[in-house]
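A.B. asks: If you scroll down you'll find the structure; I have some questions about it.
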Amino acid sequence: MSGQILVSSLFPTTESNSGVENVLVDWHTGDYDYDPIYPNALICPKLHDLQEAAYESDGWKAFNESKDAEEMEKVMLEDLGGADWMHILDCEMTSICTGRTLPDVINDFQFDGDDSMFSRLYRHSTGQLGYVYQFNDNEYAKLSMAPVVKEILETVIRPALTAGSR
């Protein structure tokens, strides 16, 4: 959803700005198994080890065994159909940012930093996702972006440098 929102914002196709209405654009997605932007242990097996080390840490256990974490897990399971932390944030934010209807249980957002269920779920899900990335001096985050950096170097930077040296 976030990719579609980004592309439709960059290239709007409504009558008011393009003179054309209801333009259909093919949307091609890649396979998670080979996606260099998505941190992927299939591309880099070391990511699995780093993630497990974070999950075994005392900080992770304290975060996930808190009363708030238990309540958020219950909401995710009972009220949001078993949604998972890896995807709820994308769904939550793309829905509220585009004015789409939210499930009743999280349709209580008032302002950034409030104590609404929406905000609590947002804070907990970013904590869930961010903990692994920040653990051990951001080791997971640094390594997970290596394939993207490699692809940029090989397909953009190196050709530009080669072309410039001719």
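Each reported figure results from applying straightforward, stated rules to the coordinates on display, with no laboratory input. Keep in mind it's a predicted model, so treat the numbers as computed, not measured. We place every Cβ from the backbone using ideal geometry, glycine too, and count neighbours over all the protein chains shown.
A.B. asks: So if we plug the beta-carbon distance of E73 and D31 into 1/(1 + (r/R0)^6) with R0 = 30 Å, what FRET efficiency do we get, rounded to 0.05?
C.D. replies: Values: r = 29 Å, r/R0 = 0.97.
Result of the calculation: an efficiency of 0.55.
A.B. asks: Give the Rg (one decimal place) followed by the Dmax (whole number) of the chain, computed from C-alpha coordinates and expressed in Å.
C.D. replies: Spelled out, the Cα radius of gyration and Dmax of the chain are 20.0, 63 Å.
A.B. asks: With point charges of +1 on the Cβ of Lys and Arg and -1 on the Cβ of Asp and Glu, referenced to the Cα centre of region 40-156, which listed residue (A69, I88, I106) lies farthest in the positive direction of the dipole?
C.D. replies: So the residue we want is I88.
A.B. asks: Then there's this: Can you tally the net charge around E52? Count Lys and Arg as +1, Asp and Glu as -1, for every other residue whose Cβ sits under 15 Å from the Cβ of E52. Mind dumping the intermediate values first?
C.D. replies: Working: positive: K46, K61; negative: D49, E56, D58, E139.
Spelling it out: positives minus negatives among the neighbours equals -2.
A.B. asks: Put +1 on the Cβ of each Lys and Arg and -1 on the Cβ of each Asp and Glu in region 40-156; which of V132, A146, S116 then has its Cα farthest toward the positive end of the dipole?
C.D. replies: A146
A.B. asks: Using the Cα centre of the chain as the reference point, and only Cβ charges (+1 on K/R, -1 on D/E), how large is the resulting charge dipole? Debye, rounded to the nearest 20.
C.D. replies: Value, rounded to 20: 860 debye.
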